[in-house]
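Participant: Sharing a structure, written as structure tokens. Questions coming.
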Amino acid sequence: MSWKNIKLIFIKELVGTIRDKRTIIAMIIIPLIFYPLLFAGIGYFNKVGSMKSEEAASKIIIYGAEFAPQLVKHLQDYEKIEILVIEDDSPSKLQNGDIQAVLVIPSDYKEKIEQEEPNKLMLKYDATEAKSRIAKQRIDQVIEKYQGEILLQRLSRLNLKEEFLTPLILQEENIATAEKITGSFLAVLLPYLIIILIFTGAMHTAVDITAGEKERGTIATLLVSQISRLEIVLGKCFAVMLISFTSMVLGLFGLTLAFLSGTSIARGIEGVKFGISVNTIFLLFLVLFPLVGLASAVLVMVGIFARNIREASSYITPIYMLTIFLGIISISQGIELTGKMFLVPVLNSSFVFKELLMGKIYWSHIITTFSANIIIAGIALFGATRLFNQEEVLFRS
């Protein structure tokens, strides 16, 4: 095996890939422009929508207002609550968004208040509508405040102090550092995004330099050269690895720009302070490289086996969907991997990424994940080489 020949194939495939405008779009334009615009746009419109909902007055109607005049007065005094008098059917008004909430006061409200018995009020709202949820929160605040006044009056009649109701005071202290809060935030989405970026970055190039060459008929030129089949496969695989890795890095850079922007969805999370230690970055890349190699080897093997680009795409689709499924498992809260589960490719990397971002370094998990992905990548590379040595696979129609 000659590394010089591998380098020749590597450079050939890399130059050919870079010349392709689709690769430039996938590697540069989408990660550096589309991702920041996407996430910043989501954050901006969420912020604007939330501000509009908070600024708008909540329109509500009250049934039985005459039974609780003091409570109604508290609601009227709330600046952003507007009480309407509507004789139409309230459910349809609430469902259509004409009003945001309906409060029903029972006819025996006053009697139960005087007898110091609990009253049951009915609050109807639409949980799927932001304005209706805000109306509910505002009504809850008013009722809680009014309820506190009633309790103080009852305590006064009994010559008891307000402290009588609070025998225990619980003081809370959050010991999590800013770095740990940041890691917790990043651990939710970053492992999933890394996996998606790796596979999406490798797919186009892997298919084009394998199934694409078979479809164009240019693969025969390589086969008549003095370069061995193994060297050809390694050169192609290394080219795919570099493109995939570069695409992933640019994608993460684009996401970083989005998160650091003033309208990012991360700006509203208290305590988030972006910054990852050098040791964490090193360990992340230690786990990352075998995963990039695994993705590249598998996709190259599929591309070699397929007759053309269309067939390769149909084979890669379920692989990509499986990758997304494993990534979704990694962002599920409360799920932890144990033992042999760290032998499962993709899933193991995503969980190790989460652990590292949370500041948890388990060398057994890192070594198991690294070794498992290296072995599976080697098996896929061996399979790709075997397929590349079979003429009936390379030239089947």
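Participant: Limited to region 141-170, what total is found for residues that are of a type in the set (A, V, I, L, M, F, W, C), under 41 Å from the mean Cα position of the chain (by Cα) and surrounded by 10 or more Cβ atoms within 10 Å (Cβ to Cβ)? Write out each step before concluding.
Facilitator: Step one: filter region 141-170 for residues of a type in the set (A, V, I, L, M, F, W, C), giving 142-143, 150-152, 155, 158, 160, 164-165, 168-170.
Now drop any that are not under 41 Å from the mean Cα position of the chain (by Cα), which leaves 142-143, 168-170.
Retained after the next criterion (residues that are surrounded by 10 or more Cβ atoms within 10 Å (Cβ to Cβ)): 142-143.
Residues flagged as of a type in the set (A, V, I, L, M, F, W, C), under 41 Å from the mean Cα position of the chain (by Cα) and surrounded by 10 or more Cβ atoms within 10 Å (Cβ to Cβ) within region 141-170 amount to 2.
Participant: List every residue pair whose Cβ atoms lie under 7 Å apart, where the two residues are 6 or more positions apart in sequence or sit on different chains, the first residue falls within region 1-22 and is of a type outside the set (D, E), and the second residue, located anywhere, is surrounded by 12 or more Cβ atoms within 10 Å (Cβ to Cβ) and modelled with pLDDT under 80.
Facilitator: Once the first residue is of a type outside the set (D, E) and sits in region 1-22, its partners that are surrounded by 12 or more Cβ atoms within 10 Å (Cβ to Cβ) and modelled with pLDDT under 80 give T17/T23.
Participant: Going residue by residue through region 118-129, is there one that turns out to be on the phi < 0 side of the Ramachandran plot, touching a residue at least 40 places away in the same chain (Cβ under 8 Å) and either under 37 Å from the mean Cα position of the chain (by Cα) or assigned to a helix (DSSP H, G or I) (or both)?
Facilitator: There is no residue in region 118-129 that is on the phi < 0 side of the Ramachandran plot, touching a residue at least 40 places away in the same chain (Cβ under 8 Å) and either under 37 Å from the mean Cα position of the chain (by Cα) or assigned to a helix (DSSP H, G or I) (or both).
Participant: Kindly provide the set of residues from region 85-129 that are closer than 25 Å to E55 by Cα and at pLDDT below 85, ordered by number.
Facilitator: Of everything in region 85-129, those that are closer than 25 Å to E55 by Cα and at pLDDT below 85 turn out to be V85, I86, S90, P91, S92, K93, L94, Q95, N96, G97, D98.
Participant: Still on this model: Taking R138 as the residue in question, decide whether it is within 29 Å of the chain's Cα centre (by Cα), closer than 17 Å to A101 by Cβ and part of a helix (DSSP H, G or I).
Facilitator: No; evaluated as a whole, the condition is false for this residue.
Participant: Sort out which residues of region 1-32 are over 19 Å from the mean Cα position of the chain (by Cα) and among the β-branched types (V, I, T), and write them in order of number.
Facilitator: If the condition is that a residue be over 19 Å from the mean Cα position of the chain (by Cα) and among the β-branched types (V, I, T), then I6, I9, I11, V15, T17, I18, T23, I24, I25, I28, I29 are the ones that fit.
Participant: Ok, one more. Could you please find all residues in region 142-164 being of a type outside the set (S, T, Y) and touching a residue at least 40 places away in the same chain (Cβ under 8 Å)?
Facilitator: Answer for region 142-164, where residues must be of a type outside the set (S, T, Y) and touching a residue at least 40 places away in the same chain (Cβ under 8 Å): V142, I143, K145.
Participant: Cβ contacts < 8 Å: first residue assigned by TED's automatic domain parsing to the domain that holds V346, restricted to region 311-328; second residue among the hydroxyl-bearing types (S, T, Y) and not in a helix (DSSP H, G or I), any location; separation 6+ or different chain. Result?
Facilitator: A312/T210
Participant: Please go through region 218-248 and pick out each residue that is under 26 Å from I195 (Cα atoms) and charged (D, E, K, R).
Facilitator: Correct list: K236 only.
Participant: Somewhere in region 316-339, is a residue farther than 24 Å from H204 by Cβ, crowded, with 21+ Cβ neighbours inside 10 Å and among the β-branched types (V, I, T)?
Facilitator: No, region 316-339 contains no residue that is farther than 24 Å from H204 by Cβ, crowded, with 21+ Cβ neighbours inside 10 Å and among the β-branched types (V, I, T).
Conditions tested, residue by residue: (1) modelled with pLDDT under 85; (2) touching a Lys or Arg at 6+ places or on another chain (Cβ under 9 Å); (3) assigned by TED's automatic domain parsing to the domain that holds G383; (4) surrounded by 24 or more Cβ atoms within 10 Å (Cβ to Cβ).
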{"residue": "I196", "(1), (2), (3), (4)": "yes, no, yes, no"}
{"residue": "G201", "(1), (2), (3), (4)": "yes, no, yes, yes"}
{"residue": "G212", "(1), (2), (3), (4)": "yes, no, yes, no"}
{"residue": "E215", "(1), (2), (3), (4)": "yes, yes, yes, no"}
{"residue": "T218", "(1), (2), (3), (4)": "yes, no, yes, no"}
{"residue": "T221", "(1), (2), (3), (4)": "yes, no, yes, no"}
{"residue": "Q226", "(1), (2), (3), (4)": "yes, no, yes, no"}
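Participant: Ok, one more. Any idea which residue in region 16-63 is surrounded by the most Cβ atoms within 10 Å (Cβ to Cβ), counting only those that are among the small types (G, A, S) and outside any helix (DSSP H, G or I)?
Facilitator: The extreme case among them is S58.
Participant: Separate question: Just checking, which of L151, L123, L158 is assigned by TED's automatic domain parsing to the domain that holds D77 and within 12 Å of L103 (Cα to Cα)?
Facilitator: Exactly one residue qualifies, and that residue is L123.
Participant: In a helix (DSSP H, G or I) and assigned by TED's automatic domain parsing to the domain that holds I195: which single residue out of I361, I374 fits that description?
Facilitator: Checking each option against the conditions leaves just I374.
Participant: Filter region 165-222 for residues that are farther than 30 Å from I309 by Cβ, outside any loop (DSSP other than H, G, I, E, B) and free of Cβ contacts under 8 Å to residues at least 12 places away in the same chain and give the result.
Facilitator: Of everything in region 165-222, nothing turns out to be farther than 30 Å from I309 by Cβ, outside any loop (DSSP other than H, G, I, E, B) and free of Cβ contacts under 8 Å to residues at least 12 places away in the same chain.
Participant: Just name the residue that is modelled with the highest pLDDT out of those in region 301-350 that are of a type in the set (K, R) and within 30 Å of I232 (Cβ to Cβ).
Facilitator: R310
Participant: For region 377-397: of the residues being in a loop (DSSP other than H, G, I, E, B) and not charged (D, E, K, R), which is farthest from V233 (Cα to Cα)? Give the steps one after another, and end with the answer.
Facilitator: To start, the set of residues in region 377-397 that are in a loop (DSSP other than H, G, I, E, B) comprises 389-390, 395-397.
Adding the requirement that they be not charged (D, E, K, R) leaves 389-390, 395, 397.
Details: N389: 10, Q390: 13, F395: 16, S397: 21 Å.
Only one residue tops the list, namely S397.
Participant: Same structure, new question: Scanning for something small (G, A, S), within 24 Å of H204 (Cα to Cα) and either crowded, with 19+ Cβ neighbours inside 10 Å or within 22 Å of the chain's Cα centre (by Cα) (or both), does region 349-370 turn up at least one residue?
Facilitator: Yes, region 349-370 contains a residue that is small (G, A, S), within 24 Å of H204 (Cα to Cα) and either crowded, with 19+ Cβ neighbours inside 10 Å or within 22 Å of the chain's Cα centre (by Cα) (or both).
The values are calculated or read from the model by the stated rules, or taken from the named source; none is laboratory data. Only a predicted model underlies this, so the values are computations on that prediction, with no experimental measurement involved. A quick note on method: Cβ atoms are made from the backbone with ideal geometry, for glycine too, and the neighbour counts reach across all protein chains shown.
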